[in-house]
Amino acid sequence: MPETLTTTTTRPCPGCAAQIVTDPRFPAWCPACEWNLGAEPPRGRWRRWRRARDHARIERLYAKLAARPDDLRVGHGAPWFLAVLLAALVHLCTLAVLAGSLWLLVDGHPFLKPLGVVGLGLTWLLRPRLGTWRADPAVLAREQAPALHALVDRIADELGTRRPDRIRITRAFNASYRVQGLRRRVELSLGLPLWTALTEQERIALIGHELGHGSNSDQRRGPWLHTALRTLEAWHALMVPHAGDAFRRRAAHTGAIEDLVAWLLLWCAGPVRLLHHALHRLTALSSQRAEYLADEMAARAASSAAAGSMLGKLFLRDTAWTRVFQQSAAAQNRMLPKGTDPVEEFWTGLGEYLESVPPAEHERRARLSARDMTAVDVSHPPTHLRVQLRTQRPQQPAAVVADPSDWAAIHHELAPARHRVAHELLGL
Ligand SMILES: [Zn+2]
Ligand SMILES: [Zn+2]
């Protein structure tokens with residue numbers, strides 16, 4: 001490891017005078033008084049109130065789960081039944097638009113027939129979408145990566161979940177699990193930057209979590225509720241095509257009439273937003289529980305320790321991206337020493353950098369994440385709560401381990417993906 005990566009100094013904290021260890025690569029901060037932690041509270045009382053309300057709700061959900069840590073199974077209670085009914089209402093709306101349009105076309109007044117055509121177009125836009133199974137250059141086929149597929153299959157078999165139909169290698173600092181198309185085929189995506197940050201056993205934990213989605217009964221991912229949520233989003237996009245731009249337009253001092261129209265549209269789309277929010281709230285507890293259950297499966301596959309440390313690495317997402325931007329700038333300015341392979345240099349550099357992140361920076365990221373309740377995406381519970389629940393659960397040994405020869409084969413199989421993703425990230 002280059003010496004410059006590990007230089008640290010000690011100095012007194014300007015806030016409480018405690019001695020703090022600083023690393024020039026990361027912001028200096030104080031663990032004792034949280035001086036310069038970096039979290040800015042949102043501006044405005046309304047935003048602060050909303051944030052406090054959202055955080056309190058997430059904590060209530062966690063408290064419910066933590067109170068029954070041995071019962072992570074997802075049940076079908078009253079909220080689920082209500083959500084299914086609301087989803088039915090959404091699907092019935094689409095059916096009604098279809099039926100009305102067909103009636104207008106077949107039996108309607110000639111002047112109204114164009115309205116029928118518009119209705120059919122609307123039905124097409126609002127149809128329940130199950131996702132399409134397209135050819136994708138990020139897919140690593142079974143023949144290209146037999147060792148990786150064999151490992152993933154072993155983890156799926158151990159957890160009693162479905163083997164994925166295909167594996168994608170992406171540039172995300174994340175991984176995902178999707179069920180696509182009418183045939184409900186399974187796609188596992190593994191982000192190479194995150195993969196690079198993980199140890200071998202943590203990679204098994206990551207795959208274990210994602211495959212756990214195949215049998216954790218996440219209600220939001222079931223076709224009935226999932227398609228209803230997507231339809232509501234399509235309704236909203238149709239009614240408020242530039243929802244996010246309204247404020248930008250106001251900032252740019254555009255016409256008052258335009259603003260009025262934007263607000264009217266936003267107001268008319270209120271019931272759609274309300275229905276979407278209600279569906280999310282009704283399935284929130286089950287969805288969070290399903291994610292914790294997937295973490296439990298990660299622990300079963302890879303050991304509790306590996307699942308916990310894998311989740312801890314998720315705090316490093318911003319650290320990883322900062323490094324990628326630096327590497328990208330260096331590569332584009334041709335600042336690499338002559339004769340170095342930019343691709344291998346990139347991955348080794350990123351891996352070494354993430355490995356050299358000092359405990360104080362890990363702690364800073366973890367505290368920031370806890371303060372802001374950040375999660376890998378909207379469907380996941382805040383990462384710090386996932387880490388916390390790991391420490392409260394019974395410890396499990398690893399059910400799946402791979403030989404060094406398997407890892408060497410997987411590393412070799414990922415070479416083309418490393419090349420592609422490095423070029424995408426470096427902008428070469
Ligand atoms: Zn201090
Ligand atoms: Zn998940």
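Just to verify a number: FRET efficiency for Asp54 and Met239, C-beta to C-beta distance, R0 = 22 Å, to 0.05? All intermediate terms of the calculation are to be shown ahead of the outcome.
Values: r = 25 Å, r/R0 = 1.12.
The formula returns an efficiency of 0.35 here.
In debye to the nearest 20, how big a dipole does segment 127-210 give about its Cα centre with +1 on each Lys and Arg Cβ and -1 on each Asp and Glu Cβ?
Working: 15 positive and 10 negative charges, 127 e Å.
That gives a dipole near 600 debye.
For segment 269-339, rounded, prolate or oblate, judged on the Cα gyration tensor with a ≥ b ≥ c (square roots of eigenvalues), a/c < 1.5 rounded, else prolate if a/b > b/c?
Numbers: a/c = 5.25, a/b = 1.56, b/c = 3.37.
Oblate, since a/c reaches 1.5 and b/c is not below a/b.
For Gln388 paired with Ala17, estimate the spin-label separation in nm (one decimal), with each label point 7 Å from Cα along the Cα-to-Cβ line.
Each label point lies 7 Å from its Cα, and together they span 3.3 nm.
Name the residue, out of Val118, Val97, Val84, whose mean-square fluctuation peaks in a Gaussian network model built on the chain with Cα pairs under 10 Å.
Between Val118, Val97, Val84, it is Val118 that shows the largest mean-square fluctuation.
When only C-alpha pairs under 8 Å and at least 6 residues apart count, what is the relative contact order of segment 24-151, in percent? Mind dumping the intermediate values first?
On the way: 44 pairs, mean separation 15.3, N = 128.
Once normalised by length, the contact order is 12 percent.
Give a residue-ordered list of calculated ³J(HN,Hα) values for segment 413-428 (Karplus: 6.51 cos²θ - 1.76 cosθ + 1.60, θ = phi - 60°; whole Hz; x for Gly, Pro).
These are the phi-based 3J(HN,Hα) values: 5, 7, 4, x, 5, 4, 5, 4, 5, 4, 5, 5, 6, 8, x, 8 Hz.
Give the percent of DSSP beta bridges with both residues in the chain that are antiparallel, rounded to the nearest 5.
Details: 11 of 16 bridges.
Around 70 percent of the beta bridges assigned by DSSP in the chain are antiparallel ones.
Please name which of Trp347, Leu95, Ala150 has its Cα lying farthest along the dipole of the chain towards the positive end, using unit charges on Cβ (Lys, Arg +1; Asp, Glu -1) and the Cα centre as origin.
Leu95
Modelled label-to-label distance, Arg129 and Thr199, 7 Å Cα→beta-carbon offset: nm?
4.1 nm
What's the local net charge at Leu275, with K and R +1, D and E -1, over the other residues with C-beta under 12 Å away? Could the numbers behind the result be given before it?
Values: positive: Arg273, Arg281; negative: Glu233.
For residues surrounding Leu275, the net value is +1.
Go ahead and collect, in residue order, the members of segment 274-296 whose backbone nitrogen is under 14 Å from a label point 7 Å along the Cα-Cβ direction of Cys93.
Inside the label zone: 274-280.
With a sphere of radius 12 Å drawn around the Cβ of Glu424, what net charge do the other residues whose Cβ falls strictly inside it have (Lys, Arg +1; Asp, Glu -1)?
+3
Between segment 178-195 and segment 93-146, what's the alpha-carbon centroid distance in Å?
24 Å
Check the cysteines of the chain one by one and keep only those with no other cysteine Cβ under 4.7 Å from their own.
If one checks each Cβ against the other cysteines of the chain, Cys93, Cys268 turn up with nothing under 4.7 Å.
How large, in Å, is the chain by the Kirkwood hydrodynamic radius built from its alpha-carbon pairs? Could the numbers behind the result be given before it?
Numbers: mean 1/r = 0.0404 Å⁻¹.
Taking every pair of different Cα atoms in the chain, averaging 1/r and inverting gives 24.7 Å.
Per residue of segment 380-393, in order, report the coupling 6.51 cos²θ - 1.76 cosθ + 1.60 (Karplus, θ = phi - 60°) as ³J(HN,Hα) in whole Hz, putting x for Gly and Pro.
For segment 380-393, the Karplus-derived couplings read 9, x, x, 4, 5, 6, 5, 5, 4, 5, 4, 6, 8, 8 Hz, x marking Gly and Pro.
Tell me the mean residue ellipticity at 222 nm calculated for the chain from its helices only (DSSP H runs of n ≥ 4, each -39500 (n - 2.57), averaged over every residue, nearest 500).
Numbers: 17 runs with 256 residues, N = 428.
After summing the helix terms and dividing by the residues of the chain, the value is -19500 deg cm²/dmol.
At Asn36 and Leu105, where each label point lies 7 Å from the Cα along Cα→Cβ, what is the point-to-point distance in nanometres?
With each label point 7 Å from Cα toward Cβ, the separation is 6.7 nm.
Per residue, how much accessible area does the chain have with a 1.4 Å probe, in Å²?
With the other protein chains kept in place, the chain gives 53 Å² per residue.
How would segment 64-204 be classified by its alpha-carbon gyration tensor: rounded, prolate or oblate, with rounded meaning a/c under 1.5 and the a/b versus b/c comparison settling the rest? Numbers along the way, then the final one.
On the way: a/c = 3.37, a/b = 1.77, b/c = 1.90.
Oblate is the answer for segment 64-204, as a/c is 1.5 or above yet b/c matches or exceeds a/b.
Report the residue, chosen from Gly100, Gly351, Gly212, that carries the largest GNM mean-square fluctuation when the chain is represented by alpha-carbon nodes joined by springs under 10 Å.
Top of the fluctuation ranking is Gly100.
Over the alpha-carbon set of segment 287-428, divide Rg by the Kirkwood Rh and report the Rg/Rh ratio to two decimals. Working shown, then result.
On the way: Rg = 17.7 Å, Rh = 17.3 Å.
With Rg and the Kirkwood Rh in hand, the quotient comes to 1.02.
The values are calculated or read from the model by the stated rules, or taken from the named source; none is laboratory data. Just so it is clear, the structure is predicted and the values come from calculations on it, not from any experiment. Neighbour counts are summed over all protein chains in view; Cβ atoms, including those assigned to glycine, are modelled from backbone coordinates with ideal geometry. Side chains included, ligands, DNA and RNA excluded: accessible areas come from the protein's heavy atoms. Shrake-Rupley method; radii C 1.70, N 1.55, O 1.52, S 1.80 Å.
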